[in-house]
Amino acid sequence: MSAPSQTIPVVDLGPYLAGEPGAMERTAGELRFALTEIGFYFIVNHGVPDALIRETFRQAARFHAQPLDRKMDVRIDRHNVGYLPMRGDTLRTSTVQTVTKANLNEALFVARDLPTDHPEVRVDRRFRSANRWPQDLPGFRESIVSYCDTLERLVQKLVPLYAVVQQRAPPETLSRIIAANSILNALFIVAAAAFGAAVLALGVSVPHLLLLTALLNAGVAAYIYSLVPEFLLRFIAWLLVHTVYRLDERGLDNIPEEGAALLVCNHVSFVDALVISAACHRPIRFVMERAIFSAPLINVLARGMKAVPITAKKEDHEVYERAFASVARELADGQLVCIFPEGHLTPDGTIGAFRPGLMRILAQTPVPVIPVALSGLWGSLFSRRTRSVWRRLPRKLWARVRIAAGAPVSPGEASPEMLHERVAALCADQAGAHTAS
């Protein structure tokens, strides 16, 4: 993107938020230009309703139209929330000259709206206080909170976009990021050394110091897991699958690097979702039969990976409809969604007919369809080849499991019959390649 240096760029978020193919890369390029060459930018088609924006401006005008003494009732506090009057503060952060003049604007600062009984509010933690709201402006608080919540949801959707901006940064920018990371690593090393010296000075033995360090690391790991459980669970799935099986991957570059797509796959075993997740580096939202979703071990992984349980419509209509709504929402957010259109595990190792539910998904959110085929899992402990668990025990370690992805199919061309043929052809190709090898 090129623009005169005096022009503030306008970044259109519409295609990115709609999950259009290639939109993330294009939008990230525009953002990178705005951030590195200009320093400012406007956004359009951001999804924040115009009516909500106008209402927020109206409420701000209501507040500032009050007499000064009313506004001073909620004067800014040490948590930086509340009303800042004109000439109420002086920012002394300039390295060019000494700043002596007070600010010539007034503002009302609000943060995330915490209740007064929130634990961090009760202990008066810095910058984690309840907001200071005017008491005589009905509807003011509700409107402002609604606006802030809407912007927070928008920002959450933009996090992957900013990650791409940094990931695809030019070498000169990337070097600064690596340097900053190295500095942080050095600081933590120094802090750890100081911590070790202090603990040893208190008479703690080296084994106990190692135990204490391990416990602290476990606590940090648990905290990180609570923030992003999906990545840890995907890593666990990768370890489990690659420990038990040898994966033969073919055509996975057909799965897009970004943007929404619907993966359709044959259903061979209870661990199909884990195998596909281990083979694909992008997070995938799986639509699972509720019986499989509820299995003890799989349930923990499925919930953490945001899988979507589904049942037959006649069995539980509410769960059935909720599943389609969840799929539409995930695809609209640009995620990969994988379905097993047979609707159940294969009872005989063949690929059953694909149900028409996938056409409802494509009608609601038209996205490219990626046929995916699994083979090598039939007859395993996790399949339904026989009711006897003993007869399903593995006869050799590291059995070969094959996964293949075909070329994308446009939503207008897709049909259950055609996708069934594509998946069956991929399975046949895998069988032929295995025989030849």
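The values are calculated or read from the model by the stated rules, or taken from the named source; none is laboratory data. Bear in mind the structure is a predicted one, so any value in this text is a computation, not a measurement. As a convention, Cβ positions derive from the backbone with ideal geometry for all residues, glycine included, and neighbour counts pool all protein chains shown.
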Residues located in segment 292-326, provided they are in a loop (DSSP other than H, G, I, E, B) and farther than 25 Å from Leu161 by Cα: Ser294, Ala295, Thr311, Ala312, Lys313, Lys314, Glu315, Asp316
Go through (1) at negative phi; (2) in contact with a strand residue (DSSP E or B) (Cβ under 9 Å, 6 or more places away or on another chain) one by one and return the number of the condition Lys306 breaks. (1)
If a residue counts only when it is among the basic types (Lys, Arg), in contact with a Phe, Trp or Tyr (Cβ under 9 Å, 6 or more places away or on another chain) and touching a residue at least 60 places away in the same chain (Cβ under 8 Å), which strands (runs of 3 or more DSSP E) contained entirely in segment 240-291 have at least 1 such residues? 245-250
Got at least one residue in segment 316-328 being surrounded by 15 or more Cβ atoms within 10 Å (Cβ to Cβ) and more than 25 Å from the chain's Cα centre (by Cα)? yes
Of these, Leu274, Leu358, which one is buried (at least 16 other Cβ atoms within 10 Å of the Cβ), within 30 Å of Ala222 (Cα to Cα) and not acidic (Asp, Glu)? Leu274
I'd like the full set of residues that are in a helix (DSSP H, G or I), modelled with pLDDT under 90 and surrounded by fewer than 16 Cβ atoms within 10 Å (Cβ to Cβ), limited to segment 26-63. Arg26, Gly29, Thr36, Glu37, Ile38
Can you spot a residue in segment 327-349 that is of a type in the set (D, E, K, R) and either part of a strand (DSSP E or B) or outside the structural domain of Ala404 (by TED's automatic domain parsing) (or both)? no
Name the single residue, out of those in segment 1-25 being surrounded by fewer than 16 Cβ atoms within 10 Å (Cβ to Cβ) and modelled with pLDDT of 85 or more, that is nearest to the chain's Cα centre (by Cα). Gly14
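Criterion first (within 18 Å of Trp398 (Cα to Cα) and buried (at least 21 other Cβ atoms within 10 Å of the Cβ)) does Val264 satisfy it?
It is false that Val264 is within 18 Å of Trp398 (Cα to Cα) and buried (at least 21 other Cβ atoms within 10 Å of the Cβ).
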For segment 421-437, does any single residue satisfy the condition of being modelled with pLDDT of 90 or more, touching a strand residue (DSSP E or B) at 6+ places or on another chain (Cβ under 6 Å) and closer than 30 Å to Gly14 by Cα? no
Give the residues of segment 64-79 that are in contact with a strand residue (DSSP E or B) (Cβ under 6 Å, 6 or more places away or on another chain) and exposed (fewer than 14 other Cβ atoms within 10 Å of the Cβ), sorted by residue number. Arg75
